[in-house]
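See structure below.
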Amino acid sequence: MSQPYFDTGLVLKLIVEEPLSKVFQEWLESRGVPVPYTRLVELELENTLQAKYFRKEIDARQIRGCQKLITELFAEGKFFRPELSLEEVMMESLEVMPKVTGRTGCRTLDLLHVLSALKLGCKEFVTTDKRQAEAARLLDLKVSQL
C-alpha cells in the first residue's frame, strides 16, 4: 500500500476534537499508515491552533497539550517528517496553477498540499475539501474524501 497524503484539516482532527475526528481516526487505523507531517502541514496546523486561541476556542494550556500530542505521535511512529523542498513545491505550483486553479478555484495552500503529495510520490490524496479534491484529480492523484 502506498503512502497517502493528508490535508492539514484532517491532521488537525487527530489533534483537536472536531466533527469527523473519530471517523478519520478509525479510517487511518484501518489503513495502518503514518501521517506525513511536512513543514507545510506543521505551519498550517500551528497557525490554525493560534487562530483558535485568538477566537477563544482553546486556551494556552490546550495548545501545549496539542503540541505534546504531536510529539507523542512522532514518538509512536504515527507521524513522520519527510524530506520535501518547499521551494520546489512552490515552483511546480506556479507551473500547474493555470491548469488547476483556473478550473477549480483552489486556494494557494490547498494547491501547495497537492503538489507536496506529488513531490513525495504519494498516489492518494485524502481531504474533505471539494476544490482541493478536484485539483488533486486534475493532477492524477487518487482522491479519498471523508
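The values are calculated or read from the model by the stated rules, or taken from the named source; none is laboratory data. Nothing here was measured: the structure is a model prediction, and the numbers come from that model. In this analysis, Cβ positions are derived from the backbone assuming ideal geometry, glycine residues included, and neighbour counts consider all displayed protein chains.
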### Query
Which one of the conditions (1) surrounded by fewer than 17 Cβ atoms within 10 Å (Cβ to Cβ); (2) of a type in the set (Val, Ile, Thr); (3) over 20 Å from Val11 (Cα atoms) does Thr104 fail to meet, given that it meets all the rest?
(1)
### Tabulated pairs, segment 13-33, first under 16 Å from Thr48 (Cα atoms) and at pLDDT below 95, second in a helix (DSSP H, G or I) and not hydroxyl-bearing (Ser, Thr, Tyr), C-beta under 8 angstrom, 6+ apart or interchain
Glu18/Leu12
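Condition check: in contact (Cβ under 8 Å) with a residue 40 or more places away in the chain, more than 23 Å from Ile15 (Cα to Cα) and not in a helix (DSSP H, G or I). Does Gly121 satisfy that? Give the steps one after another, and end with the answer.
Details: in contact (Cβ under 8 Å) with a residue 40 or more places away in the chain: yes; more than 23 Å from Ile15 (Cα to Cα): yes; not in a helix (DSSP H, G or I): yes.
In short, yes.
Residues in segment 54-63: is at least one within 20 Å of Thr38 (Cα to Cα) and either exposed (fewer than 14 other Cβ atoms within 10 Å of the Cβ) or in contact with a helix residue (DSSP H, G or I) (Cβ under 9 Å, 6 or more places away or on another chain) (or both)?
Yes, the conditions are met somewhere in segment 54-63.
Take the residues of segment 8-64 that are among the basic types (Lys, Arg) and not in a helix (DSSP H, G or I): which is nearest to Leu112 (Cα to Cα)? Explain how you work it out, then say what you get.
To start, the set of residues in segment 8-64 that are among the basic types (Lys, Arg) comprises 13, 22, 31, 39, 52, 55-56, 61, 64.
When the remaining residues are screened for being not in a helix (DSSP H, G or I), the result is 55-56.
On the way: Arg55: 26, Lys56: 29 Å.
Among them, the one singled out is Arg55.
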### Message
Taking the criterion of being surrounded by fewer than 16 Cβ atoms within 10 Å (Cβ to Cβ), among the polar types (S, T, N, Q) and not in a helix (DSSP H, G or I), would at least one residue in segment 83-92 satisfy it?
### Response
yes
### Message
For a quick check of your reading of the model, give me the residue pairs whose first member lies in segment 90-114 and is farther than 16 Å from Thr38 by Cα, whose second is among the small types (Gly, Ala, Ser) and modelled with pLDDT of 95 or more, with beta-carbon atoms closer than 6 Å and at least 6 apart or on different chains.
### Response
Val100/Ala135; Thr104/Ala135; Cys106/Ala135
### Query
Within the set of pairs 6+ apart or on separate chains, which have a first residue in segment 131-144 that is surrounded by 20 or more Cβ atoms within 10 Å (Cβ to Cβ), a second that is part of a strand (DSSP E or B) and modelled with pLDDT of 95 or more, and C-beta atoms under 7 Å apart?
Ala133/Thr127; Ala133/Val143; Ala136/Phe125; Ala136/Val143; Leu141/Glu124; Leu141/Phe125
### Query
Among the residues of segment 16-35 satisfying the criterion of being among the β-branched types (Val, Ile, Thr) and crowded, with 18+ Cβ neighbours inside 10 Å, which is nearest to Arg131 (Cα to Cα)?
Val35
### Task
Give just the number: which of (1) within 18 Å of Leu146 (Cα to Cα); (2) among the polar types (S, T, N, Q); (3) buried (at least 24 other Cβ atoms within 10 Å of the Cβ) does Thr128 not satisfy?
(3)
### Message
Could you go through segment 121-139 and let me know if any residue there is closer than 23 Å to Asn47 by Cα, of a type in the set (A, V, I, L, M, F, W, C) and touching a Pro at 6+ places or on another chain (Cβ under 6 Å).
### Response
yes
#### Entry: Residue list for segment 65-82, restricted to those being in a loop (DSSP other than H, G, I, E, B) and loosely packed, with under 12 Cβ neighbours inside 10 Å
Glu76, Gly77
